[in-house]
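Accompanying notes for the structure given below.
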Amino acid sequence: MVQLGVYVVLMGECRQKSAFIPFSYGPRACVGRNVAEMEMALIVATVFRRYEFELYQEELETREGFLRKPLGLQVGMRRRRQ
């Protein structure tokens with residue numbers, strides 16, 4: 001593991017560690033963090049297992065600035081057949 005500022009590079013994976021901290025940090029951090037993260041992963045996996053997603057646009061329109069921000073994306077969703 002090589003640490004570059006706030007970025008962590010681990011076997012080709014790069015992510016910003018302090019970008020989003022919804023459960024706080026340190027000794028007074030949320031005690032239910034692991035359960036909440038597990039539930040979020042379970043919900044996302046269940047949605048992708050039960051539904052099919054379809055893009056209705058060919059190209060993603062963005063607004064340029066400090067960061068590239070999408071203006072919107074039209075996505076369709078339908079229940080998968082059993």
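The values are calculated or read from the model by the stated rules, or taken from the named source; none is laboratory data. These figures come from a predicted structure and were not determined experimentally. All Cβ positions, even for glycine, are placed from backbone atoms using ideal geometry, and neighbour counts span all protein chains on display.
Identification of strands (runs of 3 or more DSSP E) wholly contained in the chain with 1 or more residues that are at pLDDT 90 or above yields 51-55, 75-79.
Counting the residues of the range 52-81 that are surrounded by 10 or more Cβ atoms within 10 Å (Cβ to Cβ) and on the phi > 0 side of the Ramachandran plot gives 0.
Each residue in the range 39-51 was checked for being surrounded by 11 or more Cβ atoms within 10 Å (Cβ to Cβ) and touching a residue at least 24 places away in the same chain (Cβ under 8 Å), and 2 pass.
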